[in-house]
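**Q** Attaching a single structure in structure tokens format; questions to follow.
The values are calculated or read from the model by the stated rules, or taken from the named source; none is laboratory data. Remember, predicted model here, so these are calculated numbers, not experimental data. A quick note on method: Cβ atoms are made from the backbone with ideal geometry, for glycine too, and the neighbour counts reach across all protein chains shown. For accessibility, only protein heavy atoms count, side chains too; no ligands or nucleic acids. Shrake-Rupley method; radii C 1.70, N 1.55, O 1.52, S 1.80 Å.
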Amino acid sequence: DNVPLGMMVEIPAAAVAADLFARESDFFSIGTNDLVQYTVAVDRGNKKLEHLYTHYHPAVLRLIQNTIRAAHEAGIHCCMCGEAAGDLRFIPVLLGMGLDEFSMSAPSILPARQKVLSQSMDGCRALAAAVLHCSTADEVQALLAQI
């Protein structure tokens, strides 16, 4: 009876309707590998198209933000698994969006921990707001490269 019921958010429809799903869930886990693939409609295994597969895409960023916001408005926890969760340049953006937990491969844990501990939440929130105003993945990457 006390086992939490969570939901993987891996497709755009789940992220768009996150507020509805949050009513039925105890927590969300955003699966970025699939979410990116389905949002930008690019097969991540296709070498000719892999340059288009990026979690920096504005649509992906907005889906992530919507999911986190819906979780928090419902009073539930939101975590993330996938390559984006261990991206050191992206971690401050995710912190600024309010992500509660990061799940990543073991070799990424210590560098990610150092990154988290070195951030100010005000700076992360400002960065997340700036990133969400970018129009292209290239703009997002250029902004993050300045940090």
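**Q** How much of ILE109 can a 1.4 Å solvent probe reach, expressed as accessible area in Å² and rounded to 10?
**A** Ignoring ligands and nucleic acids, ILE109 comes out at about 90 Å².
**Q** So what is log10(I(q)/I(0)) for the stretch 66-125 at q = 0.14, 0.16, 0.17, 0.19 1/Å, when the Debye sum runs over its Cα atoms only?
**A** Per q value, in the given order, log10 I(q)/I(0) is -0.37, -0.48, -0.54, -0.66.
**Q** Still on this model: Please give the charge dipole size of the chain, origin at the Cα centre, charges +1 on K and R Cβ atoms and -1 on D and E Cβ atoms. Round to the nearest 20 debye.
**A** 420
**Q** Cα-based Rg of the stretch 107-147 per 2.2 N^0.38 Å, rounded to two decimals?
**A** Relative to the rule-of-thumb radius for its length, the stretch 107-147 sits at 1.31.
**Q** Within the stretch 40-147, list the trypsin sites (Lys or Arg not before Pro) lying in a DSSP loop whose Cβ has at most 12 other Cβ atoms in a 10 Å radius.
**A** LYS47, LYS48
**Q** May I ask you to derive the relative contact order of the chain, considering only C-alpha pairs under 8 Å and at least 6 residues apart, and to give it as an integer percent?
**A** Across the chain, relative contact order equals 22 percent.
**Q** Rounded to the nearest 500, what is the 222 nm mean residue ellipticity of the chain from helices alone, with -39500 (n - 2.57) per DSSP H run of 4+ residues and division by all residues?
**A** So the helix-based figure for the chain works out to -14500 deg cm²/dmol.
**Q** Which percent of the accessible heavy-atom area of the stretch 15-147 goes to carbon and sulfur, probe 1.4 angstrom?
**A** Result for the stretch 15-147: 53 percent of the exposed heavy-atom area is carbon or sulfur.
**Q** May I ask which residue of GLY31, TYR53, THR67 lies farthest towards the positive end of the charge dipole of the chain, with charges of +1 (Lys, Arg) and -1 (Asp, Glu) on Cβ and the Cα centre as origin?
**A** Working it through, the farthest residue towards the positive pole turns out to be TYR53.
**Q** Quick query: amide H of HIS77 versus all other amide H atoms, modeled in the peptide plane; which residues come in under 5 Å with a sequence gap of 5 or more or a different chain?
**A** For HIS77, the qualifying residues are PHE28.
**Q** Can you tell which of PRO92, LEU144, MET121 lies farthest toward the positive end of the dipole of the chain, using +1 and -1 charges on the Cβ of basic and acidic side chains (Lys, Arg; Asp, Glu)?
**A** Result: LEU144.
**Q** Keeping all protein chains in place, calculate the accessible area per residue for the stretch 23-102 (probe 1.4 angstrom), answer in Å².
**A** Spelled out: the 1.4 Å probe surface of the stretch 23-102, per residue, equals 46 Å².
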